[in-house]
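Okay, so here's the structure we're looking at.
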Amino acid sequence: MGIEDSAVTKGDPVKQFSLMLENRIGAMHSMIKLLNDSKVYVLGFSIQDSFDVTILRLIVSDPNLTETLFIEKGIPYVVNEIVVIQLSEGSISLTQCLATLSAAETNIHISYPLNISDEGRSLVALSAEDADFASVALQNGGFKLLFQGDLSR
């Protein structure tokens, strides 16, 4: 029994940027300032800290300009497609989301909240083992997915 995708909404996937920063005071601030000075806004982020390096994951308002900035400044990065869902009922929706992904037998590698949507709803970024499969499963489970166009300003 496979997941059918005939009724799913499609759009440009949300891009997540992953950067390795030196673990020092102000490193993240400098990166966010670089983006903000170019009118690129951070919509969500996750930090994985260790003794000598920090992995900073970002979702931004303008991924194309972000890539251009990183290339021009020589900042190494990786881009991954992720799934962003809108939770309509807070923790109840989160429980249902996790149940949907469990039933679809797909794993979440990374998850973090995003800024609240314009409608005041909670948004969650999910990095799943297969973003397309997770997207279909979640949409079939009744969840609203957001695409890059929904997040870009």
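When Cα Rg over 2.2 N^0.38 Å is calculated directly from the model, which label among [x] 1.46; [y] 1.08; [z] 1.00 fits?
Computed from the coordinates, Cα Rg over 2.2 N^0.38 Å corresponds to [y].
Fully extended, how many nm does the chain gain between Y77 and V53 (0.36 nm per residue separation, minus their Cα-Cα distance)?
7.3 nm
Can you check how the C-alpha radius of gyration of segment 14-80 compares to 2.2 N^0.38 Å, as a plain ratio?
Computed over Cα atoms of segment 14-80, the ratio equals 1.02.
So for L21, L123, fewest C-beta neighbours within 10 Å to most, what's the order?
Arranged by neighbour count, lowest to highest, L21, L123 become L21, L123.
Given a cut-off of under 8 Å on Cα pairs at least six residues apart, what relative contact order in percent is computed for the chain?
Relative contact order, the chain: 30 percent.
Separation between the F147 and A103 pseudo-spin-labels, each 7 Å from Cα along Cα→Cβ, expressed in nm?
Taking the simple label geometry, F147 and A103 are separated by 2.5 nm.
Loop-only check: which GluC sites (Glu not before Pro) in segment 39-107 are DSSP coil with at most 14 other Cβ within 10 angstrom?
Counting only loop positions with at most 14 other Cβ atoms within 10 Å, the GluC sites (Glu not before Pro) in segment 39-107 are E89, E105.
Post the alpha-carbon centroid distance, segment 43-57 to segment 103-150, in whole angstrom.
About 21 Å separates the Cα centre of segment 43-57 from the one of segment 103-150.
Could you check the simple spin-label distance between I92 and S111, using points 7 Å along Cα→Cβ, in nm with one decimal?
Between I92 and S111, the label points sit 1.8 nm apart.
Starting from the Cα of K10, draw a straight line to each of the lysines and keep only those under 28 Å, dropping any in the same chain fewer than 8 residues away.
K39, K144
Give me the angle, in degrees from 0 to 90, between the Cα long axis of helix 91-103 and the longest principal axis of the Cα atoms of the chain, rounded to the nearest 10.
70
What does the helix-only formula give at 222 nm for the chain: each DSSP H stretch with n ≥ 4 adding -39500 (n - 2.57), the total divided by the residues, and the result rounded to the nearest 500 deg cm²/dmol?
-9500 deg cm²/dmol
Collect residues whose amide H, placed 1.01 Å from N in the peptide plane, falls under 5 Å from the amide H of L43; neighbours closer than 5 in sequence don't count.
I59, V60, S61
Computed from the coordinates by the stated procedures, all read-outs in this text should not be read as laboratory data. As the structure is a prediction and not an experimental result, all values here were calculated from the model. Every residue, glycine as well, gets a Cβ built from its backbone with ideal geometry; the counts of neighbours run over all protein chains shown.
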